[in-house]
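The values are calculated or read from the model by the stated rules, or taken from the named source; none is laboratory data. In this text, all values refer to a predicted model and were calculated from it rather than measured experimentally. Methodologically, a virtual Cβ is constructed for each residue, glycine included, from the backbone with ideal geometry; neighbour enumeration extends over all protein chains shown.
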Amino acid sequence: MGRAFGYVILGGGVAAGYAALEFVRHLDGGGASPGELCIISDEAVAPYERPALSKGYLLPRGAARLPGFHTCAGANDELLTEQWYKDHGIELVLGTRVVSADVRRKTLLTITGETISYKTLIVATGARALKLDEFGVHGSGAANMCYLRSLEDADKMVGVMRSCHGGNAVVIGGGYIGMECAAALVANEIKVTMVFPGKHCMDRFFTPKIAEFYENYYAAKGVTFIKGARVTSFEALSDGKVAAAILRDGRRLPADMVVVGIGARANTALFDGQLAMEKGGIRVNGRMQTSDAAVYAVGDVAAFPVALLGGDVRRFEHVDCARRTARRAVAAILEPADGAAEVGKNDSDYLPFFYSRVFALSWQFYGDNVGEPVHFGDFSPPGAGGRPKFGACWVSDGLVAGVFLEGGSQEENEAVASAVRCGARIGDLAAELESRGLALPGQE
Ligand code: FAD
Ligand code: NAD
Ligand code: ISD
């Protein structure tokens, strides 16, 4: 049994949705013809904006729900519901896992035993949440233990939170998932203890000074931090739940629920030994083309040369990257004359961009956190209803490599983005920030 398509997108997440819209745009708004484009996803729903799962989806009131956050809502673009794919002649194969890929034969084998062949493949398989079991700590299957990658995970977490009102949650990991879920748990009136091995939260990215601000802010909301610590086991109950997390030093943390966010791994296994790999992902060129000319890779799974970073090959696990690399791949496939060697060459807007929103806070980061960080603004805790505004510039050879800004207005965020994009001298950015009331120390 089998079907054949001109283009197949493997994976049905953020990048898949943005790639589909770009295809349709290239068809001048018309539909794909039968057998032209297919998306295969093991999720049960059409592509959606994954960031909503750790933010709006977890709110106790007025929570975001599908279809409201299908792609491409996150970029304030069209809302691609399942009907949209039908209307545009795109075959959406949902709830179907691809279990093997044969790049030489240009075929994919699904879990249902169907062989789907392609002329051009876009790999958009994203990443998976690392499990505690991979570190020898068992209990991930417990009824009150939550990971957060998919809508299914988010539904489980919402159900568990509802049954834990007023109770205790242990959050394992102090990265993006840990910080965003801790804020959501507090909003759901659950007491939170965060446990992670690092010296401070977001330790691969935040400076100690930035982390201190967020940790103090969270502490004021009742969150307890246990830093430099690891959970080594769980105390299990007979009903399939865990009752407590046990730390390496023997401490016992009572837990009505546990949330785990200990990192992600790109889903590359289908292509191991078939495509060139780098930085934990599939190596692509500036057209998002892999070592096999008929296969492209986008989003979390793609490691690509970034023009703005001197052509350095990088892999990002961030939504803006998924959106842009998806559009880039489709443009490159449908406009083969476009031969840019690095992502960003033909896309003057491209630069690494990360963000998060927790409680009433909102930060953005542009560029690369290399060089020396120079902090600016007011790091003191905001008074009731007050909005903090502070940040850090990473300076390398006198040039601005990256800027973090908490509480920036749209205009301010655009100003720092443009300073990073054009490789401004630190003095020029200092003058720009100064004109906005944000003095940079030692730069007068
Ligand atoms: P994904 O969106 O993960 O999609 C991959 C798809 O492929 C999934 O549908 C998956 O089920 C499917 N798939 C994988 N393997 C197979 C297979 N073998 N067969 C069939 N289907 C398969 N980034 C930000 O910049 N800001 C944020 O605020 C933010 N918040 C986030 C919140 C959460 C809870 C999570 C998990 C991530 C968040 N991210 C955020 C990261 C961002 O969502 C990802 O970078 C983005 O989703 C990557 O898009 P993608 O299409 O590459 O992968
Ligand atoms: P992360 O890499 O941001 O953080 C992992 C955390 O787990 C770190 O604090 C690390 O010290 C800790 N850790 C690592 N190994 C551990 C172990 N064995 N035991 C205990 N702690 C351990 O990863 P994440 O927070 O799990 O996020 C997963 C993915 O989701 C990433 O791709 C991330 O980019 C994405 N995400 C992004 C956003 C955003 O951009 N705003 C929000 C949510 C999720
Ligand atoms: O980019 C995002 C983000 O952070 C969300 O919460 O998209 C979602 C929503 O804005 C989509 O509605």
Could you list, ordered by first residue, the pairs with Cβ atoms under 8 Å in which the first is in the stretch 201-215 and in contact (Cβ under 8 Å) with a residue 40 or more places away in the chain and the second is surrounded by 21 or more Cβ atoms within 10 Å (Cβ to Cβ) and of a type in the set (Val, Ile, Thr), at least 6 apart or interchain?
Tyr214/Val358
When you check Ala220 against the structure, is it in contact with a Pro (Cβ under 8 Å, 6 or more places away or on another chain) and within 15 Å of ligand 2 (Cβ to nearest atom), yes or no?
no
Sort out which residues of the stretch 72-93 are surrounded by 16 or more Cβ atoms within 10 Å (Cβ to Cβ), more than 15 Å from ligand 1 (Cβ to nearest atom) and not in a loop (DSSP other than H, G, I, E, B), and write them in order of number.
Trp84
Near pairs, Cβ below 7 angstrom, 6+ apart or cross-chain, from the stretch 63-79 (closer than 19 Å to Phe353 by Cα) to any residue that is small (Gly, Ala, Ser) and within 12 Å of ligand 1 (Cβ to nearest atom):
Thr71/Gly17; Cys72/Gly17
Hey, can you tell me all the residues within the stretch 128-142 that are within 14 Å of Ser233 (Cα to Cα) and surrounded by 18 or more Cβ atoms within 10 Å (Cβ to Cβ)?
Leu132, Val137, Gly139, Ala142
Among Ala269, Ala243, Ala255, the single one that is of a type outside the set (D, E, K, R), touching a strand residue (DSSP E or B) at 6+ places or on another chain (Cβ under 7 Å) and away from ligand 2 (no atom under 16 Å from the Cβ) is Ala243
Among residues of the stretch 112-137 being part of a strand (DSSP E or B), among the small types (Gly, Ala, Ser) and within 14 Å of the chain's Cα centre (by Cα), the residue farthest from ligand 3 (Cβ to nearest atom) is Ala129
Tell me yes or no: at least one residue of the stretch 34-42 is within 16 Å of ligand 3 (Cβ to nearest atom) and either modelled with pLDDT of 95 or more or among the β-branched types (Val, Ile, Thr) (or both).
no
Residues in the stretch 188-245 that are under 14 Å from Gly175 (Cα atoms), touching a helix residue (DSSP H, G or I) at 6+ places or on another chain (Cβ under 6 Å) and in a strand (DSSP E or B): how many?
2
Which residue is nearest to the chain's Cα centre (by Cα), if the candidates are limited to the stretch 45-71 and must be within 9 Å of ligand 3 (Cβ to nearest atom) and assigned to a loop (DSSP other than H, G, I, E, B)?
Glu49
Name, by its number, the condition in (1) assigned to a loop (DSSP other than H, G, I, E, B); (2) away from ligand 1 (no atom under 14 Å from the Cβ); (3) in contact (Cβ under 8 Å) with a residue 12 or more places away in the chain that does not hold for Thr96.
(2)
Name every residue in the stretch 199-224 that is more than 20 Å from Gly402 (Cβ to Cβ) and surrounded by fewer than 20 Cβ atoms within 10 Å (Cβ to Cβ), in order of residue number.
Lys199, Asn216, Tyr217, Ala219, Ala220, Lys221, Gly222, Thr224
So Ser33 ticks every box in (1) within 16 Å of ligand 2 (Cβ to nearest atom); (2) surrounded by fewer than 19 Cβ atoms within 10 Å (Cβ to Cβ) but one. Which box is left unticked?
(1)
Those residues of the stretch 1-44 which are free of Cβ contacts under 8 Å to residues at least 12 places away in the same chain and either part of a helix (DSSP H, G or I) or within 21 Å of Leu109 (Cβ to Cβ) (or both), in sequence order
Arg25
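Take Gly280 and decide whether it is under 30 Å from Thr193 (Cα atoms), surrounded by fewer than 21 Cβ atoms within 10 Å (Cβ to Cβ) and at pLDDT 95 or above.
no
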Of Tyr366, Tyr355, which residue is within 16 Å of ligand 1 (Cβ to nearest atom), in contact with a strand residue (DSSP E or B) (Cβ under 8 Å, 6 or more places away or on another chain) and under 25 Å from Asn188 (Cα atoms)?
Tyr355
Just checking, how many residues over the stretch 297-319 are out of contact with any Pro (no Cβ under 8 Å at 6 or more places or on another chain) and within 16 Å of ligand 3 (Cβ to nearest atom)?
3
Ser140, sole failed condition from (1) polar (S, T, N, Q); (2) within 19 Å of Val242 (Cα to Cα); (3) assigned to a strand (DSSP E or B)
(3)
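Within the stretch 356-444, considering only strands (runs of 3 or more DSSP E) that don't extend past its boundaries, which have at least 3 residues that are over 22 Å from Arg314 (Cβ atoms) and modelled with pLDDT of 95 or more?
Here the list is empty.
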Extreme residue, surrounded by the most Cβ atoms within 10 Å (Cβ to Cβ), among residues of the stretch 143-159 that are within 15 Å of ligand 1 (Cβ to nearest atom) and assigned to a helix (DSSP H, G or I):
Met157
